[in-house]
Every structure is written in structure tokens, then in C-alpha cells.
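The values are calculated or read from the model by the stated rules, or taken from the named source; none is laboratory data. Quantities reported herein were computed from a predicted structural model and do not represent experimental measurements. Positions of Cβ are generated from backbone atoms using ideal geometry, with glycine treated the same way; all protein chains shown enter the neighbour counts.
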Amino acid sequence: MNVLLTAWAILVVYFMSHSVNAENRIGCNFEVDLCGWTQNTDDDYDWRRNSGPTPSFSTGPSGDHTLGSASGAYIYTEASFGIAGETAKLTSDRVTLSSGDGCFQLWYNMYGAGIGALNVYLMPSDGPLKSLVSLEGEQGRDWRMLSVNISSTDFRIVLEGVRGKSFMGDIAVDDVRLTDRPCGDPQLVG
């Protein structure tokens, strides 16, 4: 029985990491790599892939959201070095939604007394950057889900971590996805 469960978990992780939806190429659980998301060059530092807890004490998750364990991977911003207000940005591949309506979702962890902010932006191909949501300060120890409606046909998504006031400000993200239908009212689920 345990062998079957282990084999099933490996298959789920493999297919979630390697599937490319015809509608988009945003979905990622970060188990293998960044899945087409790219580090920006107009920021101050980079997002990192990690397994297990972050190196800093009293901040960040103890493991990933996908597998719920220290063996799974996620991305995070390391707050130990640098100054408050510095940013780390990660940008998705270009997406075309034929319907013009979609639901962007991610799981986030913002645990620590020195948390800055997590900002999510829509970058339309034909216009300026638009803020979708901004979360500031500590949000608790557990992973939380963020869902927000997208109304655009041709765009990219930008994730921005803003360094907080101390080393206890690691911000983590996992299980990012985009569907081709609205998700209803933007919601935060804890």
C-alpha cells in the first residue's frame, strides 16, 4: 500500500511539474525548476528555489505546499541580506487567454516578524503594469491561498517580494496556476 501511495505521489509531482496547459504556461509547483518564470533584471535580488525550512530563524515555511513536506520545493525571497524596501521580481511567460477572463491562484507563506510585502501585478502586452493584489506584514505560519480574477487576453504576471525590516521576513510562494475561467471574488483563504 505504501509503495502504491509513493508511486502515485511521484506521478502527481511529475505531471504537475511537466504539464503545459494549452491556455497558459504559468502553472508551476517549483518541484523541478521555475517552469518558465524568469528573474527580472530591474530589481535588487532574486527569488530562490528551496526545500525544507528557509535558512533564517523564525521565518518562512518549514516545507513546501505541494507535498506538504520538507522534501518538496517552493520559491522564496531571502530577507537576511540587504536593506528594507529592496525588491525581488519574477515574471511569467506570456499568456494568451482567448476568453479574456481567468483566475490566477498561488499559495503563499509570509511568516516572520520582519515581513515586507508580496505584490502581484498584471503586465498587459499593450499597457502599463497593473496591481492585482498587495499583502503586507506577517500572515501567519501556515500556507494560505490567494485567488484573483484576471481580465486580459495577452499578458504576463509579475510576482514581487519586498524586503521587510529584518532578517525574519522570508516570503514564500508555491503552486502557482491560471485557469481560463473567473474565480469569483478575489479571496484569501487561510
Please name all residue pairs, on different chains or six or more residues apart, with Cβ atoms under 9 Å, provided the first residue is in segment 70-99 and is on the phi > 0 side of the Ramachandran plot and part of a loop (DSSP other than H, G, I, E, B) and the second residue is modelled with pLDDT of 95 or more and aliphatic (A, V, I, L, M). Gly85/Val162
Residue match in segment 91-109 (condition: surrounded by fewer than 22 Cβ atoms within 10 Å (Cβ to Cβ), modelled with pLDDT of 95 or more and among the hydroxyl-bearing types (Ser, Thr, Tyr)): yes
Looking at this structure, is Ile115 crowded, with 23+ Cβ neighbours inside 10 Å and outside any strand (DSSP E or B)? yes
Closer than 17 Å to Asp44 by Cα and in contact with a Ser or Thr (Cβ under 6 Å, 6 or more places away or on another chain), is that true of Asp170? yes
So, Leu132, is that one of a type in the set (A, V, I, L, M), over 26 Å from Gly68 (Cα atoms) and either in contact with a Lys or Arg (Cβ under 9 Å, 6 or more places away or on another chain) or modelled with pLDDT of 95 or more (or both) or not? yes
State yes or no: is Gly114 closer than 14 Å to Ile171 by Cβ and in contact with a Lys or Arg (Cβ under 8 Å, 6 or more places away or on another chain)? yes
Quick one: which residue in Thr91, Thr87, Thr54 is under 16 Å from the mean Cα position of the chain (by Cα), within 25 Å of Thr179 (Cα to Cα) and β-branched (Val, Ile, Thr)? Thr91
Name the strands (runs of 3 or more DSSP E) wholly inside segment 127-190 in which the number of residues that are closer than 23 Å to Asp33 by Cβ is 2 or more. 144-151, 154-162, 171-179
